[in-house]
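Enquirer: I'd like to ask some things about the structure below.
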Amino acid sequence: MVYRDDFNVSCQVCSRPLEKFRGENFTYSRCPGCQGIFIARAALETIWERLVKRPAPRVEWSDRAGERLCPECHAPMRAAKIREQAIDACAAHGYWFIKGRLMRLLAAG
Ligand SMILES: [Zn+2]
Ligand SMILES: [Zn+2]
């Protein structure tokens with residue numbers, strides 16, 4: 001379900017306001033333009049346990065800067081990987097998945 005309250009966080013790729021989605025005990029944000037998904041670590045773990053019935057995989061952080069800024073604090077994110085899939089990560093706020101990447105990871109279990 002989409003809701004809009006005071007949430008005003010923009011995609012740092014295409015500048016559109018992110019839409020926030022609320023599930024049971026978790027939320028995540030999605031860009032209606034590029035379809036990127038931004039999700040906090042705790043929410044990622046909740047989704048994984050709910051849908052895959054297993055703990056979320058480890059995130060491997062690199063020393064390199066990521067390609068994007070964090071939509072919440074606008075600081076450069078760090079390049080990271082989950083199962084060899086590239087993501088961008090902000091230590092304080094969460095992970096950015098390009099279009100379709102999170103769903104593919106979830107589908108692969
Ligand atoms: Zn976008
Ligand atoms: Zn941040």
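Enquirer: Subtract the Cα-Cα distance of Ala92 and Lys53 from 0.36 nm times their separation in residues, and report this length gain in nm to one decimal.
Expert: Values: separation 39, 0.36 × 39 = 14.04 nm, distance 2.57 nm.
Roughly 11.5 nm would be gained on extension.
Enquirer: Follow-up question, since we're still on this one. With an 8 Å cut-off on Cα pairs and a minimum separation of 6 or more residues, tell me the relative contact order of the stretch 19-109 in percent.
Expert: Values: 162 pairs, mean separation 23.3, N = 91.
Reported relative contact order: 26 percent.
Enquirer: Could you give the dipole magnitude of the stretch 2-108 about its Cα centre, charging the beta-carbon of Lys and Arg +1 and that of Asp and Glu -1, in debye to the nearest 20? Kindly include the intermediate steps, with their values, before the conclusion.
Expert: Numbers: 18 positive and 12 negative charges, 72 e Å.
Computed charge dipole of the stretch 2-108: roughly 340 debye.
Enquirer: Still on this structure, I have one more. Which residues make up the longest stretch of the chain clear of GluC sites (Glu not before Pro) that lie in a DSSP loop with no more than 14 other Cβ atoms within 10 Å, not counting the sites?
Expert: Numbers: sites that count: Glu24, Glu84.
For GluC sites (Glu not before Pro) (loop position, at most 14 other Cβ atoms within 10 Å), the longest site-free span of the chain is 25-83.
Enquirer: Also: Spin-label point model (7 Å from Cα, Cβ direction): what's the Cys73 to Arg104 distance in nm?
Expert: The answer from the label model is 2.9 nm.
Enquirer: Still on this structure: Compute the orientation-averaged projected area for the stretch 2-108 from the convex hull of its Cα atoms and round it to one decimal in nm².
Expert: Seen from a random direction, the Cα hull of the stretch 2-108 projects 6.4 nm² on average.
Enquirer: So which residue, out of Arg68, Arg22, Arg78, gets the largest mean-square fluctuation from a GNM of the chain using Cα contacts under 10 Å as springs?
Expert: Between Arg68, Arg22, Arg78, it is Arg22 that shows the largest mean-square fluctuation.
Enquirer: Set the Förster radius R0 to 25 Å, insert the Cβ-Cβ distance between Ala42 and Arg64 as r into 1/(1 + (r/R0)^6), and round the FRET efficiency to 0.05.
Expert: Working: r = 25 Å, r/R0 = 1.00.
It comes to 0.50.
Enquirer: Within the stretch 1-104, list the chymotrypsin sites (Phe, Trp or Tyr not before Pro) lying in a DSSP loop whose Cβ has at most 16 other Cβ atoms in a 10 Å radius.
Expert: On the way: sites: Tyr3, Phe7, Phe21, Phe26, Tyr28, Phe38, Trp48, Trp61, Tyr95, Trp96, Phe97; in loops: Phe7.
Filter output for the stretch 1-104: Phe7.
Every read-out reported here was derived from the displayed coordinates using simple, explicitly stated rules and does not represent laboratory data. Computed from a prediction, not measured in an experiment: that's the story for all the values here. When we count neighbours, we look across all protein chains shown, and the Cβ atoms used for this are built from the backbone with ideal geometry, even at glycine.
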